[in-house]
Structures are given as structure tokens and as C-alpha cells.
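Take a look at the structure below.
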Amino acid sequence: MKSRLNLTPAQLLLVSLSGVVISAASLSLTRFVRTSDACGCIRWTPFLFVFGLCIPGILIAFSAIGSLRKGIQNQRWSEEQIEPLRSWLESSYTTALLIVFALSYLIGWALLARFRTGGFVALVLGQLLSQLRWAVRRPPAPRSGLIANWRDQLAPIHSEHWGRR
């Protein structure tokens, strides 16, 4: 039997942030590790950082985001519990932070080879933030009127001249 933790949306946000901090720290540490010996053999330390810390950190973060998304869809929490998280993630500050992460990734990857690991850290943080925004978004309001069901009001296309030249 699988035990299920009853975490609040804020706690799930903290779990996802901790997973991303673990993966971002491991990506940052790979920059300071020498990747080759004098004999030209590749050392295993960068691979251990990436596969031992980075990928599990990303898995922790995205499983917490998935739990948050499912909890909101299943209405496990009240709107009062979700609203502070929604207001913070839908604010203009978060949008500006996403733009900063995207620009720092592009600058770090394309222009400055020395800052590629910083670009990857910005990419991971930006992905987490955009996934969190996607998870807590409000469901779209149902449309009513002519615009919503225009497909139901159209007759099928028919012509007596099809196939003739």
C-alpha cells in the first residue's frame, strides 16, 4: 500500500523548489570539477554530479509539480489555499523573472562559453517556474453563445458537382 502525504500547495512548492536547488547546485558544481586527467581519460565525477544529484532533483521537483496539478484538478484544496500561490505565480514579477531566466540562458549558452553552466541553471529554474505557473492556472471559463458552438450550427458541405470536370 502506498502511503500518501497530505501536503499543502505551499509545501509542494517548497518541495519542488528544493528539488530544483539540488539540481541547480549539482550543475553549478560540475563547472569546478576537472573533466580530464593527464592521460586524457574522462573522470566520473561530473557524471556522478549530473546523474546522482541533478536528475533526481529534477524528478523530485516535477513529481511535486505533478502532485500539485492533480490536487488542483481534483479540488483537494480550497480556493483560499491556492489563491496566494496563484497570485504570486501570475504576477508581473514572476513574468519578469521568467524573462530574466530565458535571457540569461541564451546569453550563457550562445554568447559566453564560460557561463554555460549558469545558463543551464537558469534553464532549469525557468522550466520549474513555468511548470508551476501552468500547474496553478485557473481553468478556462466555459464559453456560451454563438461563438462557443458555431460548429454545431453549421450544415455539412455538399455539392452536386463534385468529381465532374
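The values are calculated or read from the model by the stated rules, or taken from the named source; none is laboratory data. Just so it is clear, the model here is predicted, and its values are computed rather than measured. Cβ sites come from the backbone with ideal geometry, for glycine too, and all protein chains shown count toward neighbours. For the accessible areas, the whole protein counts, side chains as well, though only heavy atoms, and no ligand, DNA or RNA atoms are used. Shrake-Rupley method; radii C 1.70, N 1.55, O 1.52, S 1.80 Å.
The table below gives the values:
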{"quantity": "Inter-label distance for residue 155 and residue 87, nm, one decimal - labels placed 7 Å from Cα along Cα-to-Cβ", "calculated": "5.4"}
{"quantity": "In Å², nearest 10: area of residue 82 left accessible to a 1.4 Å probe", "calculated": "10"}
{"quantity": "Protection proxy ranking of 129-135, 19-25 - average other beta-carbon atoms within 10 Å, highest first", "calculated": "19-25, 129-135"}
{"quantity": "Net charge, residue 131 excluded, C-beta distance under 12 Å - Lys, Arg +1, Asp, Glu -1", "calculated": "+3"}
